[in-house]
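> Would you mind keeping the following structure in view while I ask a few things?
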Amino acid sequence: MTHPFHALAGQRLDILFVKRRGGALVFVCAYGVGRSVTLPQEWTDRGVEAGGDRLAVEGLSALRALVNALVSRGAGTDGGGS
């Protein structure tokens, strides 16, 4: 379980079976004696890994360049503001 705010965060659970719910994969896992818990794939180590570079310098620089281009593109038009 990798979801940081779930009560089972950091625990290893045995997967009983996998099914689709609303088009997404969920894992039904054994939890305790005779209990199970259903977890979305994203909340496990089998989900898509979060992008660690979203706030990296390169990403922010690229975003700034895009904003600058959009602002300069709109600077030549009459916005009707004054």
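> Which ones in region 8-32 are within 19 Å of the chain's Cα centre (by Cα), assigned to a loop (DSSP other than H, G, I, E, B) and small (Gly, Ala, Ser)?
Scanning region 8-32 gives Ala9, Gly10, Gly22, Gly23.
> Condition check: surrounded by 10 or more Cβ atoms within 10 Å (Cβ to Cβ) and assigned to a loop (DSSP other than H, G, I, E, B). Does Leu39 satisfy that?
Judged against the criteria, Leu39 is not a match.
Every number here is computed from the coordinates shown, using simple stated rules; none is lab data. Since the model is a prediction, treat every value here as computed from it, not as a measurement. We place every Cβ from the backbone using ideal geometry, glycine too, and count neighbours over all the protein chains shown.
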